[in-house]
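One structure is given below, encoded as structure tokens.
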Amino acid sequence: MQARSATRAKRIDRIATWTITASGLVIVGSVVGILLLIVNVALPLLFPPDSVRVQRFSPAWLGDPGAVLAIGSDGYLETGYVLDTGGVFTFFDSRCGALLERVRLERPGVAGATVAGVEVSGRLDHSLRWSDGSLTVERVRFFPQFDPEGQRHIAHAVERLTVLPPAEGAVRGTARVTEAGGTAAVFLLPGNRLRVVQQIVEEDLFGELTRESASYEIEDELPGAAGPLLLDGSGRWLFAGTDAGYLLRWALTEEGPRLADRVRASHEGSAVTALAMLIGDGSVVVGLEDGSLSVWFPVPAEPGSFVRVLKSIHTLAPHPAAVRRIVASQADRILLTVGEEAELRMHYPTGERHLLTLSPEAPLLRAGLSLRANGVIGLDAEGRITVWAIDAPHPEFSWKAMFSRIWYEGFEQPGFVWQSSAATDDAEPKLSLIPLVFGTLKATFYALLFAAPVALFAAIYTSSLMDPRLRLIVKPTVEVMGAVPTVVIGFLAALWFAPLIEDKIIAIFLFLLLAPVVLIAFFVLWERVRGWPPLNRVKPGYEFLLVMPAVLLTVVLSVAIGGVLQDVIFGGDFRQWLFQSFGTQVDQRNSIVIAFALGFAVIPIIFTISEDALIRVPGHLRAASLALGATRWQTAWRVVLPSASPGVFAAVMIGFGRAVGETMIVLMATGNTPIIDGSIFNGMRTLSANIAVEIPEAPAGGTLFRVLFLTAVLLFSATFLVNTAAEVVRERMRKKFGRI
Amino acid sequence: MNAPQIADPIFQIEGLSLFYGEAAALKEIGLHIPRRQVTAFIGPSGCGKSTLLRTLNRMNDLIDTVRIEGSIRMDGEEIYSPEVDAIELRRRVGMVFQAYNPFPKSIYENVVFGLRIAGVRNKSALDEAAERALTAAALWEEVKDRLRESALGLSGGQMQRLCIARAIAVNPEVILMDEPCSALDPTATARIEDLIFELKKDFTVIIVTHNLQQAARVADYTAFLYLGSLIEYDVTSIIFSRPREKRTEDYITGRFG
Amino acid sequence: MGRKPIQRGEQLVWLTGAALTVTLLATVTLIGVVMVNGLGYFWPSTLAVARLVDGGTAMGEITQRDYTDEGDLWRIQFKVGNRDLYGADFRWIDAAAIETLNYPEDAAALEREEYGNFYGFLERLDLATVQVDAGLPPWERLQAARDAVEERFEAIESLNESVSADSHEMERIRLAILELRYEGGAGAEDGIARLEEQLAPVRADFDARNAEAAARLAELRSNTATFADAAGRTKEMPILSLVRTYRPNAMSVPAKALFYLGKVWELLSANPRESNTEGGLFPAIFGTVMLVMLMSLFCIPLGVVAAVYLQEYAREGLLVRMVRIAVFNLAGVPSIVYGIFGLGFFVYGVGGTIDELFFPERLPNPTFGTGGILWASLTLALLTVPVVIVVTEEALAAIPGGIREASLSLGATRFQTLWRLLLPIAAPGIITGFVLSTARAAGEVAPLMITGVVKLAPALPLDGEFPFFHLDRKFMHLGFHIYDVGFQSPNVEAAKPMVFITTLLLLAIVIGLSIVAIVLRNSMQKRYAGKAF
């Protein structure tokens, strides 16, 4: 029976060894693998965008490829279209090339007129210039429909928005239908003159629409022959490039045109060959003969000025040869540029990121961007239509965008800005991490400024100077302090402490000044009276009980004197005074509140770890020091503290790590404004609070989602490194003193 | 080296070397250990006597870096052969340690621990074994009324005897004692020595000690080790009265060590 | 010894002592503030009626008194309630504007289902469907009417239960139809038709009962009480909507104490009202407890096994040392990082996969692919596993090596040594780790916010519906309750007392657990202290 149970025991042992080892490794591995998994979510940000050629066909229905003026596709890469000189839109299935429908446009003027030129703006508004000089604007629309089985298919339609009669003798022209429903057109007349034809639609207070027509010639002399002409979506701004490399901008006001800008887009005098507006019509993209590309938008002429002038803000990766066409996505801020050398490039202007280059085997005659900027469709001279699927899920990400100053559209100067979402789709996400990192460090700095000295001094006192019996009460009390949930601290800080000190800021500064004075006074007093009974029974090591009334007295004094000071010096309201004298705004949830609240959370950690380190210093060192005639303060300060300094350092590091990652306190008590301002009177937004604030709004898999994971990686690595360093130091210390 | 002729040895150690990593802790040791006698290993600190003792129940297996060459046979069977199970071996070769190490359990549970893990569940068998072991360890009279109390409440000498009782409760053939008295006062030491004398009636006892008088008092045979080598091994009286080796004599007369 | 105290550095001793004092004072202050604000709220405060100089009136609880710098009474804050009449709950009145201040015996305070408290005087009762003894004084008649209404309401409640059973049945059939439709295949059409046939009578029953319940409720609501405020403005309210009616000025101290206990019981057992600013905390308490229990279920075995591996089985070397430091440091990784990991891995990763494999018919509505108590507790378990590992390892390391040697020398296997000796000896340490981790988990909010906690959960994660544990459900939590009510609620000032009470409760739980852990640990230290092995 014994032998059997022994074999059984051995079998169990083998199984247990195996199981424990396996599960131990798995658990340790998976716990350590957390970082890898977070990194894994953040990683796709770094993947370069990818393009895949999904289709290529030579449709039989296509006649002369040279007659095609425009090509495009819907947002699902299912339906494509071409427009030819005959004024026919041909829709086809871009998955197989099958002909779907031909839409023949009505001729606006002379029968038999052909289309001489096309410009595409907005969401597939085609401005057609007919051979008789008239302009039409045709809008191509795609809309998904669901059949009774729930299958989606893409329906299409062509809608004529406006017809403009020919301007006499016009060489070229382009028209645009404005968002309000009006039209704007510009014609290039012989002699390098520009004529503007406008129909302005305005809605008055009562919702009545008024239409006004205007037509005028631009008087300003053009610096060089007019090149590309561009109207913005409101019909109020006209852009023109010239062959001398100038970029001009006119405001088309009711009083007539006003030249707003006349700037050199090229210092070498290279001709402007292409213009386009980014989504939202805030920025204009300029392509030059020499292949360079830049993005311009109006900024204050000088700081504080209301006059806005065009300025080159972003420079994009240049083409080797002239830029022929620029297509701006109407889904996001992606740009497709077509160069003379037959290369296509995609850019994201905000981070000046060159997303990818498409090199078709045969030069493309025409190219278009799909509606959602997820594909490119092109037609080459041999009549082949090629469809590329573009996979660029995170175009707005770049290290430059996250860590350097960026001049955002509508901002007065370049800066570090975190503004992940905005009211409109056409706003560029502003994902600079600098304000968040700054906020994190600011909160941590102020918190440690308060917590580190307090915790360290308290630890020195508890470990070396206090009566050891009291230590048995103090230690658990501080541990209880460490157990207070941070949500409680944050709540009290924001809703109790912040309003409490709002008008007592002076008292806080006073406290720092008064505390040593009152303490010394108490101390001197104590030294006089300590000899008298019954006070002579108070032993060394119980001082802090005497300090308690001193601290309380200081609090009372600070509040009282602070109130008087406020009335006498600061005219009754310190905050008002500060704002008027220095322009410093005092927020209710400011860094002082954070310093106390976050400090409260880290004091127990710093205290416990440094106290452990101090108490670990072997007793014989103390004894030796005391035996040499050192006072207990000298022993604590010159012998014990230096011996334990690695542990004390580790304590502060671990406290730092905790403060950096703390979420609830900063979420509740900082106001969460992502600003870069070191002032102690206002708040901040930290990396951790940012995650808590933004992640519920971030769609899974999107750029913001992944950027937030990236910040989590950042937080993880920072705290992990700091903690590891601290832990290695502590390990050393433990080895040094552990077994003495 | 002249080894004593031992009829029916329980251990036959031949050419035993033991390495911690690269360093040799035991070098080419050969000796036969007599059955139901007390054998003492003596020598200066670090000479390998405890290591040698621990090879006999394969406690060195627990250290990863240990490598062993040579052979140890117990009753003619190679104990380091792969078929031999260390756990089985340890049930036959019990051990008492330098520092008394009772489990933080009751006295009774300490004594029957070995039996319980061997699968004995029968209450009366356990009771009987506990009484037998405690009696054999000369502890029964002192603790019989407080078997359920914590073993940690005993005095040092009692705890060490409890550890001996715990070792003999599983009825081993051999008891290894690694400096069993080094943490005890002279009175307690004397009681343990008396106990060892009693134990050799039923068990083979191998004791490591740095106390030469103790070896002289309790051991029938004595082996002197120095720097991992077996210098001399003989009947105790010969080792202590007319050692053959100069180093043995120097050690015994206290010139070093 | 002749040196002066200053030279001896005694003043610096005082300075360090002051640092400790500040630390302790901060702790005491925090706990004190929470207790003062939290404990007092349930005590019925007297109702004051102020006649103002300008002829107006104000009635309510006096919540605050401000004094001028000279110490004179400057202004008084009244909680005037009657939000439906006045719009705001609180009103500051200058002391100078008050002509008289008195405390009428018959001033009544009403807790209501909606619009917060009402303060006023009982005007009349209009009892349409319930009968009470007309001979009673008005206030007692109101109490009797409330009892009668309550009784009828319970009957409607039981009707509502069968309505909800019907609704669950309908949902079950609907899901079954979806599943069939998703799987398709032969016979699916028949199956769907059959299920729809089943559905029809249930739906009819549901509609009928629902209508009946609504009708009876409307009938019951026609029993009203009319109260007048101090200025005489009247408000007619269904008796059913009155949660509590009392006249604090007429209450004796024992009556008030009883009232207090009743409120505490309501806090612990009832559901919240008025977007969490009134009523009870039961779902939040339940959610917190269940979360912590689920978390322990995952983290204790995992943590103990990992610690046993590291301490007893792994070969000590550089790798193990590195792993140990890594594990130790994971305890310092910000909890929000765990939260985001939980979201990315558990919710979207594991949860999304489960949905695709097992609940494809419900997509795109997620079942497990959204935050829920399971994912939240797993996230918390990951967060607390390092604590358990560290503490368990420490407990195992503190066991002297001689114990292991002795056990092995007796022929025990490693597992026997572990199971019969080491784990029992280390048990207090393991329990300490467990208690510490539960304390941490109970107080942790940040990771929950992104893995499944909600301000108001429609159902508990544990109920009588099969399969009883609904691990996919969202849940409420005390810590989040504090954040939500204190910061997201539309009327923060009125919600404050509730937040303080929640804080008090959470603080009591967490500090209680911590004290248990501290006591356990200290007793363990004593056990080995001074014992030579």
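Quick look at the values:
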{"read-out": "Separation of the A:Glu502 and C:Asp84 label points, Cα + 7 Å toward Cβ, nm", "value": "3.1 nm"}
{"read-out": "Within region C:284-363, GluC sites (Glu not before Pro) in DSSP loop having at most 13 other beta-carbon neighbours inside 10 Å", "value": "C:Glu316"}
{"read-out": "Between helix C:138-183 and chain C: long-axis angle, C-alpha atoms, 0 to 90°, nearest 10", "value": "50 degrees"}
{"read-out": "Dipole of region A:50-399, positive end: most advanced residue of A:His153, A:Gly109, A:Leu371 [Cβ charges, Cα centre]", "value": "A:His153"}
{"read-out": "Interchain or long-range residues, amide H under 5 Å from B:Glu232's placed H", "value": "B:Phe224"}
{"read-out": "Inter-chain shielding of C:267-279 (mean C-beta neighbours from other protein chains, 10 Å cut-off)", "value": "0"}
{"read-out": "Sites A:Arg258 and A:Glu202 - FRET efficiency at Förster radius 22 Å, r taken between beta-carbons, to 0.05", "value": "0.70"}
{"read-out": "Degrees separating the helix A:641-661 axis from the principal Cα axis of chain A, which is the longest one", "value": "40 degrees"}
{"read-out": "Inter-probe distance in nm under a simple model that places probes 7 Å from Cα toward Cβ, at C:Tyr182 and C:Leu159", "value": "3.7 nm"}
{"read-out": "Centroid-to-centroid separation of region B:155-196 and region C:483-510 [C-alpha atoms, Å]", "value": "65 Å"}
{"read-out": "Surface accessible to a 1.4 Å probe, B:Cys163 within the full protein complex, Å²", "value": "10 Å²"}
{"read-out": "Where N is the number of residues in the protein assembly as shown, Cα Rg divided by 2.2 N^0.38 Å", "value": "1.22"}
{"read-out": "Probe 1.4 Å, all protein chains present, accessible-area order of B:Asp234, C:Asp84, largest first", "value": "C:Asp84, B:Asp234"}
{"read-out": "Chains C and A together, accessible area buried on both sides, 1.4 angstrom probe, square angstrom", "value": "8000 Å²"}
{"read-out": "Mean Cβ count within 10 Å, highest first, over the residues of peptides A:611-620, C:100-109", "value": "A:611-620, C:100-109"}
{"read-out": "Those GluC sites (Glu not before Pro) in region A:335-440 that DSSP places in a loop and that have at most 15 other beta carbons within 10 Å", "value": "A:Glu340, A:Glu341, A:Glu361, A:Glu382, A:Glu412"}
{"read-out": "Burial ranking of peptide ranges A:624-632, A:193-201 (average Cβ count within 10 Å, highest at the top)", "value": "A:193-201, A:624-632"}
{"read-out": "Segment A:Asn536-A:Val564, length gained on full extension (0.36 nm per residue, minus Cα span)", "value": "6.2 nm"}
{"read-out": "Accessible area, probe 1.4 Å, largest first, for residues C:Trp265, A:Trp237", "value": "C:Trp265, A:Trp237"}
{"read-out": "Electrostatic dipole magnitude of region B:8-74 [Cβ: Lys, Arg +1; Asp, Glu -1; Cα centre; debye, to 20]", "value": "280 debye"}
{"read-out": "The protein assembly as shown, accessible surface, carbon-and-sulfur percent (1.4 angstrom probe)", "value": "57 percent"}
{"read-out": "10 Å Cβ neighbours from other chains, averaged over peptide A:489-497", "value": "6"}
{"read-out": "Region C:47-120 - Rg over Rh from alpha carbon coordinates, Kirkwood radius", "value": "1.00"}
{"read-out": "Accessible area per residue, Å², the protein assembly as shown with all protein chains present, probe 1.4 Å", "value": "43 Å²"}
{"read-out": "Solvent-accessible area lost in complex, 20 Å² minimum, residues of region C:330-347 relative to chain alone, 1.4 Å", "value": "C:Leu330, C:Gly332, C:Val333, C:Pro334, C:Ile336, C:Val337, C:Ile340, C:Phe341, C:Leu343, C:Gly344, C:Phe345"}
{"read-out": "Paramagnetic label zone (point 7 Å from Cα along Cα-to-C-beta, A:Gln576; backbone N under 17 Å) in region A:544-564", "value": "A:563-564"}
{"read-out": "Solvent exposure ordering (accessible area, 1.4 Å, most first) of C:Glu189, A:Glu219, C:Glu212, A:Glu479", "value": "A:Glu219, C:Glu189, C:Glu212, A:Glu479"}
{"read-out": "Positive-pole candidate from A:Ile473, A:Ile326, A:Val729, dipole of chain A, charges at beta carbon", "value": "A:Ile473"}
{"read-out": "Listed residue (A:Trp526, C:Leu217, C:Phe415) projecting farthest to the positive dipole end of the protein assembly as shown, Cβ model", "value": "A:Trp526"}
{"read-out": "Computed magnitude of the charge dipole of region A:50-399 (debye, nearest 20; Cβ of K, R +1, Cβ of D, E -1)", "value": "360 debye"}
{"read-out": "In degrees, nearest ten, helix A:505-529 long axis to first principal axis of chain A (Cα)", "value": "10 degrees"}
{"read-out": "Heavy-atom accessible area, 1.4 Å probe, ligands and nucleic acids excluded: residues of region A:675-700 down by at least 20 Å² from chain alone", "value": "A:Ile691, A:Ala692, A:Ile695, A:Ala700"}
{"read-out": "FRET efficiency, 1/(1 + (r/R0)^6) with R0 60 Å, evaluated for C:Ala208 and A:Trp61 via beta carbons", "value": "0.45"}
{"read-out": "Sites C:Gln131 and C:Asn365 - FRET efficiency at Förster radius 56 Å, r taken between beta-carbons, to 0.05", "value": "0.70"}
{"read-out": "Normalised alpha carbon radius of gyration of region B:103-188 [divisor 2.2 N^0.38 Å]", "value": "1.03"}
{"read-out": "Residue-averaged 222 nm ellipticity for chain B, from DSSP H runs of 4+ at -39500 (n - 2.57), nearest 500", "value": "-10000 deg cm²/dmol"}
{"read-out": "Computed [θ] at 222 nm, deg cm²/dmol, chain C (DSSP H ≥ 4; -39,500 (n - 2.57); rounded to nearest 500)", "value": "-18500 deg cm²/dmol"}
{"read-out": "Gain in span if fully extended, A:Arg638 to A:Val517, counting 0.36 nm per residue against the direct Cα distance", "value": "41.1 nm"}
{"read-out": "The protein assembly as shown, dipole about Cα centre (Lys/Arg Cβ +1, Asp/Glu Cβ -1), debye to the nearest 20", "value": "7300 debye"}
{"read-out": "Mean ellipticity per residue at 222 nm, deg cm²/dmol - from DSSP H runs of n ≥ 4 across chain A, formula -39500 (n - 2.57)", "value": "-12000 deg cm²/dmol"}
{"read-out": "Simple spin-label estimate for C:Ala398 and A:Val728 in nanometres, 7 Å along Cα-Cβ", "value": "2.9 nm"}
{"read-out": "Average beta-carbon neighbours from other chains, 10 Å sphere, peptide C:316-327", "value": "3"}
{"read-out": "Hull-based mean projected area of chain C, where the convex hull spans the alpha carbons, in square nanometres", "value": "40.9 nm²"}
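The values are calculated or read from the model by the stated rules, or taken from the named source; none is laboratory data. These numbers were taken from a predicted model, which means no experiment stands behind them. Neighbour counts are summed over all protein chains in view; Cβ atoms, including those assigned to glycine, are modelled from backbone coordinates with ideal geometry. Each accessible area value is taken on the protein alone, full model and side chains, heavy atoms only, with ligands, DNA and RNA left out. Shrake-Rupley method; radii C 1.70, N 1.55, O 1.52, S 1.80 Å.
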